[in-house]
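Heads up, the thing below is written out as structure tokens.
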Amino acid sequence: MARRAAATTFATVRKIGLTLPDVEEGTMYGTPALKLRGKLLACMTSHKSAEPNSLAVRLDFAQRDAMIADDPGTYYLKPHYVGYPVVLVRLSRISREALDDLLHAAWRAVSASAPPRKRQTPPKPRTR
């Protein structure tokens with residue numbers, strides 16, 4: 001008998017996301033989120049229009065639209081989210097490999113717009 005893969009949860013999202021540089025766990029509108037230098041990378045949806053167990057992942061509009069057109073069973077959009085550069089993901093439908101690729105794509109999209117953190121260096125000693 002074939003064993004069914006475990007359902008994807010935010011724990012899986014967290015495990016993948018925290019391997020990416022500068023990604024931190026946080027919250028967005030009271031839901032678990034991953035952020036890159038303070039900017040949203042991915043979060044569980046909080047708006048009532050989204051399906052339960054859905055993830056909002058930050059991507060540019062063109063990439064979002066292409067993903068929805070390619071696989072509307074996994075990726076979707078609700079009117080509330082149309083103006084935001086995010087795609088909604090049915091976690092019950094996405095493979096771990098596809099989720100990994102998606103979070104890497106989101107990381108690239110956000111890192112292009114998030115300024116790097118200033119390096120914390122100790123002050124130089126004063127010389128007289």
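Lys39's amide H: which non-local residues (gap 5+, or another chain) put their own amide H closer than 5 Å, with H modeled 1.01 Å from N in plane and none for Pro or chain starts?
Counting only residues 5 or more places away or on other chains, the set is empty.
Along the Cα→Cβ direction, 7 angstrom out, place labels at Ala112 and Glu24. What is the inter-label distance in nm?
Once both label points are built, they end up 2.5 nm from each other.
Along Cα→Cβ, 7 Å out, is where each label goes; now give me the distance between the ones at Asp70 and Lys15 in nm to one decimal.
The two pseudo-label positions are separated by 2.4 nm.
Could I have the simple spin-label model distance between Gln63 and Arg96, label points 7 Å from Cα toward Cβ, reported in nm to one decimal?
Placing both labels 7 Å beyond Cα along the Cβ direction yields 2.3 nm.
Could you line up Arg108, Arg14 from fewest to most neighbouring Cβ atoms inside 10 Å?
Neighbour counts put them in this order, fewest first: Arg108, Arg14.
In the stretch 75-116, if every C-alpha pair distance is counted and binned at 10 Å from zero, what percent goes to each bin?
Histogramming the stretch 75-116 at 10 Å steps yields 24, 46, 28, 2 percent.
Could you work out the Kirkwood radius for the stretch 10-113, taking every pair of different alpha carbons, averaging 1/r and inverting it, reported in Å?
The Cα-based Kirkwood calculation yields 13.4 Å.
Find out how many positive minus negative residues lie around Pro52, taking Lys and Arg as positive, Asp and Glu as negative, among other residues whose Cβ is under 13 Å from that of Pro52.
Residues near Pro52 contribute +3 overall.
Amide H of Met28: which non-local residues (sequence gap of 5 or more, or other chain) have their own amide H closer than 5 Å, using H built in the peptide plane?
Counting only residues 5 or more places away or on other chains, the set is Ala33.
Apply the Karplus parameterisation 6.51 cos²θ - 1.76 cosθ + 1.60, with θ equal to phi minus 60°, to every residue of the stretch 47-64 and state each ³J(HN,Hα) to the nearest whole Hz, in sequence, with x for glycine and proline.
Each residue's phi maps through the Karplus curve to give 6, 5, 6, 6, 5, x, 6, 10, 10, 9, 10, 6, 8, 6, 4, 5, 5, 4 Hz.
Where a number appears in this text, it was derived from the coordinates with a stated rule and is not lab data. On a predicted model such as this, the values are computed, not experimentally measured, just so you know. Every residue, glycine among them, receives a Cβ derived from its backbone with ideal geometry; neighbour counts consider all protein chains shown.
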